[in-house]
Ligand SMILES: [Zn+2]
Ligand SMILES: [Zn+2]
């Protein structure tokens with residue numbers, strides 16, 4: 001209890017103290033000194049490096065094991081992640097894994113939105129509750145993570161002071177300290193906190209409504225792609241948070257780039273067919289609720305038609321996925337036997353391609369039937 005009271009006091013002092021100082025000192029500094037390019041540059045650089053380290057390191061690599069990383073990359077994200085001042089990677093991951101395992105449970109989710117927006121945002125940190133490390137034995141085997149766990153505050157301080165070193169070198173310590181250190185810490189904190197609060201309160205639920213997580217495109221630029229939280233809670237082990245091409249997810253692009261130069265491997269992806277199935281299931285749920293509210297004459301026959309269209313689409317998606325997986329397994333087997341690329345292999349590949357084209361055709365037809373039924377149900381709402 002005494003430990004919790006001490007932690008609560010320290011955390012509250014740090015979170016409120018940095019915010020209050022930033023609110024006073026940033027306007028004062030701007031009024032008295034204006035803004036130098038190097039100060040803006042250090043703020044942007046540190047916010048980016050620390051934010052990316054939390055996103056791709058603390059979150060996607062360590063908490064969810066969505067890819068594997070070589071030691072230089074692990075070291076880099078541990079150094080800059082410590083400068084977020086959001087605890088050690090080990091504590092962060094322990095809390096986060098509990099969040100996923102018990103999401104929305106007020107007693108077991110450390111930042112449950114069911115305890116209120118501000119609790120999920122930062123009151124849970126100020127609470128200072130001392131939870132045991134849980135479910136992170138895999139991470140404890142990594143000597144780099146153990147080292148960061150022991151010295152995270154001092155590592156974080158040494159890295160966070162980089163703008164001040166630049167200030168010392170250029171003779172403008174004060175401006176670099178206010179912008180590159182103080183303001184950067186506050187921005188890093190609240191951008192992370194918004195994922196626990198806003199992304200569980202505002203946004204859309206295209207994949208699941210089993211919990212409060214929501215996709216919120218406005219949060220993605222602040223957090224290097226972490227705004228698509230509904231997708232993330234559905235497939236937490238995916239190295240992406242945004243699966244669609246137009247969604248902003250620099251974390252995903254950077255992980256792919258690291259894989260390209262050999263620093264990352266084993267990137268885990270949800271099959272496209274699973275993503276489409278989940279979207280269709282959610283759409284079907286919404287359409288069914290429109291039909292449930294419609295007068296009996298209008299909805300006649302549409303419930304059956306909707307179920308049939310969904311069944312056909314699910315089946316087409318399932319067949320396409322099975323077909324792909326069977327091919328991958330076969331390819332591995334042929335490669336293992338050293339028989340890939342021979343004439344038999346080429347014949348088999350041509351047959352597979354023809355089959356694949358048939359599966360795709362079936363899927364297109366099922367998709368058109370689904371869209372037509374969807375349109376009919378939506379028309380009822382307007383009738
Ligand atoms: Zn969440
Ligand atoms: Zn997560």
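Bear in mind that the values in this text are calculations on the coordinates, not laboratory data. Here the structure is a predicted model, which is why all the values come from computation and not from measurement. As a convention, Cβ positions derive from the backbone with ideal geometry for all residues, glycine included, and neighbour counts pool all protein chains shown.
Between residue 257 and residue 333, full extension at 0.36 nm per residue minus the direct alpha carbon distance yields a gain of 24.4 nm.
Rounded, prolate or oblate: which fits the range 25-173 when a ≥ b ≥ c are the square roots of the eigenvalues of the alpha-carbon gyration tensor, with rounded for a/c under 1.5 and prolate only if a/b beats b/c? Because a/c hits 1.5 or more and a/b fails to exceed b/c, the range 25-173 counts as oblate.
Against the main long axis of the alpha-carbon atoms of the chain, helix 71-82 sits at an angle near 60°. Between residue 244 and residue 190, what FRET efficiency follows from the Cβ-Cβ distance if R0 is 25 Å, with the result rounded to 0.05? Using R0 = 25 Å, I get an efficiency of 0.40. Residue order for 375, 282, 179, 42, fewest other beta carbons within 10 angstrom first, comes to 375, 282, 42, 179.
Residue separation of residue 286 and residue 108 scaled by 0.36 nm, minus their Cα-Cα distance, works out to 61.1 nm of gained length. Specify whether the C-alpha gyration tensor of the range 211-324 places it in the rounded, prolate or oblate class, a ≥ b ≥ c being the square roots of the eigenvalues: rounded for a/c under 1.5, otherwise prolate if a/b is larger than b/c and oblate if not. Oblate, because a/c is 1.5 or more while a/b does not exceed b/c. Gaussian network model of the chain, Cα springs within a sub-10 Å range: biggest mean-square fluctuation belongs to which of 187, 16, 43? In the Gaussian network model the winner is 16.
Legend: ranking of residues 277, 252, 353 from fewest to most surrounding C-beta atoms inside 10 Å; resulting order 353, 277, 252.
Could you work out how far helix 2-33 tilts from the main Cα principal axis of the chain, as a 0 to 90 degree angle to the nearest 10? On a 0 to 90 degree scale, this one is about 80. The protection proxy used here, the mean number of other Cβ atoms lying within 10 Å of each residue, ranks peptides 229-236, 325-332 as follows, highest first: 229-236, 325-332.
Here the relative contact order of the range 2-265, from alpha carbon pairs under 8 Å that lie six or more residues apart, stands at 24 percent. Full extension of the chain segment joining residue 68 with residue 368 gains 104.0 nm, where the gain is 0.36 nm per residue of separation less the Cα-Cα distance.
Computed from Cα atoms, the angle from the helix 89-101 axis to the main principal axis of the chain rounds to 40 degrees. Which parts of the range 8-34 would a label at residue 172 reach, counting a residue when its backbone N lies under 18 Å from a point 7 Å out along Cα-to-Cβ? Counting only backbone N, you get 25-34. Remark: 367, 245 ranked as 245, 367, counting other beta-carbon atoms within 10 Å and listing the fewest first.
Rounded is the label for the range 2-265, because the ratio a/c of its alpha-carbon gyration tensor axes (a ≥ b ≥ c) stays below 1.5.
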